[in-house]
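The values are calculated or read from the model by the stated rules, or taken from the named source; none is laboratory data. No experiment lies behind these values; they were computed from the predicted model shown. Backbone-built Cβ (ideal geometry, glycine too); neighbour counts: all protein chains shown.
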Amino acid sequence: MYQRIKRRDLKPGMYVVSHGLGTFDSPLVQVDKPILTPAHIDEYIPKDAADVLIDASIQVEPLNRERPAGLPGITCLSEELPIAKRLYADALVHVKSFVDDVRRGTDIDYRKATPLVQSFIESVFRNESAAVTLFKLRGFDEYTYTHSINVSILAVLLGKHLGLDKATLLKLGLAGMYHDVGKARIPESILNKPGKLTASEFEAVKAHPLEGYKVMRRQVDLDPEILRAVAEHHERHDGSGYPRGVKDQDIGRFSRIIAVVDVYDALTSRRVYKDAMAPAKALGMMYQLRNKDFPDNAIENFIRCIGVFPVGSFVRLSGGEYGIVASVSAARPTKPEVRVVLDASMRPQPPRVLDLWAVEGTPQAQDIAEVLNPLEHKLDLERFISA
């Protein structure tokens, strides 16, 4: 039996279902976690949340400790990662196929991506960390293809945190998969040019949302929100975007979500003309653009979704060791769990999980000193995650 109560009335032993209203200002956040300790209240529920939905039919035994858990997950990361890897490989084949078809002028069928996106959604619901870990650890140089997959996955992840149901997440994931389909009509010599684009080349690139719209409007039974996102994913909150210069609420819901994850993946991906930006730096840059490129609270919600140090980030700890961010929490965004895998000399050591929040205030306390690019150190982080 669901019951809505005030945040101040939450107590250990209650089972929280969700909080929020499902908008950018107040996203409906699915929690589905028991309150085992008083610390869980601050971890799961923002202090500015007014009402909380609980399942009064579920009573749990409180714990006598105050160590918060990480992100919820039905399966552990090591179990879900191989499944996510297979999904990513299948998605790569699909994206290459439809991009090549568009380049040849052959009609495509967006419905072929439905099973893939449905599998993305199920994977995210089983373990959010696996999806985020995978696409940042993969060493693909084929940005034209991998970007579409990454945007689809990230859109599903952000949509889930905004409280969208699975049917809506499917449409959102399809919008992410096909958002850049118009780039298949732009010459590869322009898309992959290592130097600065000329004015005419930049105008050619800016045409890709409308080119994508032309491709996708021929699809049978395509949801209007998907088509709108293809056309609008470069529109900006203050009207400075393209192709139409619309702003604020005149930009579609899917378009606004995809705009955020599109920029994030572009910044954190390696391209022929730039190195990948560290996730924390990219988020900081995007945060400066709130109320300009992005709506109020859009970036804050995305940061709550993936963390200040997103899962999969390769980090150096203040004690000198190196590790991979393994779990994040919105209540302690700068204190994630880190899987420590290398010593201070970057030599492999037996992996251990260090909860930076749990050791705070103790002699073992550490912070994240630096976020690094594993490619610069010729490291394959996948083997450490799977170990």
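Do you know which of the residues in the range 3-28 that are under 19 Å from the mean Cα position of the chain (by Cα) and on the phi < 0 side of the Ramachandran plot is modelled with the highest pLDDT?
LEU28
Would you say ALA167 is touching a Pro at 6+ places or on another chain (Cβ under 8 Å), surrounded by fewer than 18 Cβ atoms within 10 Å (Cβ to Cβ) and assigned to a helix (DSSP H, G or I)?
Taking the combined requirement at face value, the residue does not satisfy it.
Could you check the range 202-295 for helices (runs of 4 or more DSSP H) lying wholly inside it with 2 or more residues that are under 20 Å from the mean Cα position of the chain (by Cα) and of a type in the set (S, T, N, Q)?
253-268
I need the full set of residues from the range 83-101 which are free of Cβ contacts under 8 Å to residues at least 12 places away in the same chain and among the β-branched types (Val, Ile, Thr), in order please.
If the condition is that a residue be free of Cβ contacts under 8 Å to residues at least 12 places away in the same chain and among the β-branched types (Val, Ile, Thr), then VAL93 is the only one that fits.
Identify, by number, the condition in (1) in contact with a Ser or Thr (Cβ under 8 Å, 6 or more places away or on another chain); (2) not in a helix (DSSP H, G or I) that GLY173 doesn't meet.
Failing condition for GLY173: (2).
Would you confirm whether any residue within the range 269-280 is at pLDDT 90 or above, crowded, with 20+ Cβ neighbours inside 10 Å and not assigned by TED's automatic domain parsing to the domain that holds PRO46?
no
Could you give every pair whose Cβ atoms fall below 8 Å, whose first residue belongs to the range 104-119 and is more than 14 Å from ALA175 (Cβ to Cβ) and without any contact (Cβ under 8 Å) to a residue 24 or more places away in the chain, and whose second residue is surrounded by 15 or more Cβ atoms within 10 Å (Cβ to Cβ) and among the charged types (D, E, K, R), counting only separations of at least 6 or pairs across chains?
none
With respect to LEU116, is the statement that it is closer than 30 Å to SER329 by Cβ, at pLDDT 90 or above and over 14 Å from the mean Cα position of the chain (by Cα) true?
Yes; evaluated as a whole, the condition is true for this residue.
Can you find a residue in the range 337-345 that is in contact (Cβ under 8 Å) with a residue 60 or more places away in the chain and either crowded, with 19+ Cβ neighbours inside 10 Å or in the same structural domain as ALA278 (by TED's automatic domain parsing) (or both)?
Yes, the range 337-345 contains a residue that is in contact (Cβ under 8 Å) with a residue 60 or more places away in the chain and either crowded, with 19+ Cβ neighbours inside 10 Å or in the same structural domain as ALA278 (by TED's automatic domain parsing) (or both).
Under 7 Å between Cβ atoms, at least 6 apart or on separate chains: pull out the pairs that start in the range 369-383 with a residue that is over 15 Å from ARG347 (Cα atoms) and end on any residue that is of a type in the set (Ser, Thr, Tyr) and surrounded by 14 or more Cβ atoms within 10 Å (Cβ to Cβ).
As it stands, the answer is VAL371/SER313, since those pairs meet every condition given.
All but one of (1) within 16 Å of the chain's Cα centre (by Cα); (2) under 20 Å from ILE258 (Cα atoms); (3) modelled with pLDDT of 85 or more hold for GLY307; state the number of the condition that does not hold.
Condition (3) is where GLY307 drops out.
Out of the residues in the range 73-93 meeting the condition of being exposed (fewer than 15 other Cβ atoms within 10 Å of the Cβ) and not hydroxyl-bearing (Ser, Thr, Tyr), tell me which one is modelled with the lowest pLDDT.
For the range 73-93, the residue satisfying everything is ILE74.
Is it the case, given these coordinates, that VAL315 is touching a Gly at 6+ places or on another chain (Cβ under 7 Å) and either surrounded by fewer than 19 Cβ atoms within 10 Å (Cβ to Cβ) or at negative phi (or both)?
So VAL315 passes the test.
Pick from the range 296-317 the residues that are touching a Phe, Trp or Tyr at 6+ places or on another chain (Cβ under 9 Å), assigned to a helix (DSSP H, G or I) and in contact (Cβ under 8 Å) with a residue 24 or more places away in the chain: which of them is farthest from VAL371 (Cα to Cα)?
Among those that are touching a Phe, Trp or Tyr at 6+ places or on another chain (Cβ under 9 Å), assigned to a helix (DSSP H, G or I) and in contact (Cβ under 8 Å) with a residue 24 or more places away in the chain, it is ALA298.
Can you pull out every residue in the range 206-227 that is closer than 18 Å to ILE258 by Cα and either at pLDDT below 95 or not hydrophobic (A, V, I, L, M, F, W, C) (or both)?
Answer for the range 206-227, where residues must be closer than 18 Å to ILE258 by Cα and either at pLDDT below 95 or not hydrophobic (A, V, I, L, M, F, W, C) (or both): LYS206, HIS208, PRO209, GLU211, GLY212, TYR213, ASP223, PRO224, GLU225.
Just checking, which of LYS183, LYS166, LYS171 is among the charged types (D, E, K, R) and over 19 Å from the mean Cα position of the chain (by Cα)?
Going through LYS183, LYS166, LYS171 in turn, the sole match is LYS183.
So, of the residues in the range 135-155 that are of a type outside the set (Lys, Arg) and in contact with a Ser or Thr (Cβ under 9 Å, 6 or more places away or on another chain), which turns out to be modelled with the lowest pLDDT?
PHE140
All but one of (1) out of contact with any strand residue (DSSP E or B) (no Cβ under 7 Å at 6 or more places or on another chain); (2) charged (D, E, K, R); (3) in a strand (DSSP E or B) hold for GLU370; state the number of the condition that does not hold.
That leaves (1) as the condition not met.
Here is a list of conditions, (1) of a type in the set (D, E, K, R); (2) modelled with pLDDT under 95; (3) closer than 17 Å to PRO295 by Cα, and LYS193 meets all of them except one; can you say which number that is?
The single condition LYS193 does not satisfy is (3).
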